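The values are calculated or read from the model by the stated rules, or taken from the named source; none is laboratory data. These numbers were taken from a predicted model, which means no experiment stands behind them. Every residue, glycine as well, gets a Cβ built from its backbone with ideal geometry; the counts of neighbours run over all protein chains shown.
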Amino acid sequence: MAKYTGPSCRQCRREGVKMFLKGDRCYTDKCAITRRGKVPGQHGGARRGMMKDYGLQLREKQKAKRYYGVLEKQFRNYYVKANATEGMTGENLLKLIERRLDNTVYRMGIAESRRDARQLVRHGHFTINGKKANIPSMLVSLGDEIAVVDKSKSLPKFKSLAENIDNKTAPAWLDVDKEKMSAKVIALPKREDVDFEIREHLIVELYSK
């Protein structure tokens, strides 16, 4: 399975915005954007202010992909599906990706980052409606219940996460039971539930060419 294995902080520096890819570390003075916000590479983003329409559209797509941890082929597939769905394509795209299992786990507050959530899902620590779910790209549906496997709750990792879950705020489309470390999808995500600034119309313009 293809995946990005490079430094997360480099991605934030490339896009020039803090994307919270490393969880709580991003809130400290260790954040790479805080310490050195220049774009990686020899010229350090000297041409950033000179970007034309295509460059702006490309950077917005790359930012969205990196924020959610999705690679190009899968991201384009989401776009095709969103474009075939009634409504605004850009909003449909974001609402689709919000429903990914790894994003749902992160939004429940049971992971430090989306990358962390993806790893926990792959290792089989979660169920959907009582059935094992270990594919991060699975899309949750209305009424689904996502829960931590009982035997996983005693692991040091989940004990640590349980201590911090009260500090996390879940979106309106999830009803989280913090004691049971579970959540129920009580509504489908809306555009306003996306907790990051993404100009989705630029992504649509790029793919529409």
| task | Report, by residue number, each residue of the range 95-118 that is hydrophobic (A, V, I, L, M, F, W, C) and surrounded by 22 or more Cβ atoms within 10 Å (Cβ to Cβ). | result | I97, L101, V105, M108, I110, A111, A117
| request: Go through the range 61-115 and count every residue that is in contact with a strand residue (DSSP E or B) (Cβ under 7 Å, 6 or more places away or on another chain) and acidic (D, E). | output: 0
| message | Could you check the range 118-165 and list, in sequence order, the residues that are hydroxyl-bearing (S, T, Y) and assigned to a strand (DSSP E or B)? | response | T127
| In the range 105-140, the residues that are of a type in the set (S, T, Y) and within 23 Å of S160 (Cβ to Cβ) | Y106, S113, T127
| query | When the range 107-145 is examined, which residues are found to be modelled with pLDDT under 95 and of a type in the set (S, T, Y)? | reply | S113
| query | Does the range 81-93 contain at least one residue that is under 14 Å from the mean Cα position of the chain (by Cα) and either under 16 Å from I203 (Cα atoms) or in a helix (DSSP H, G or I) (or both)? | reply | yes
| request: Please indicate, with yes or no, whether at least one residue in the range 117-136 is hydroxyl-bearing (S, T, Y) and in contact (Cβ under 8 Å) with a residue 40 or more places away in the chain. | output: no
| query | Considering only the range 183-209, how many residues are assigned to a loop (DSSP other than H, G, I, E, B), small (G, A, S) and within 19 Å of the chain's Cα centre (by Cα)? | reply | 1
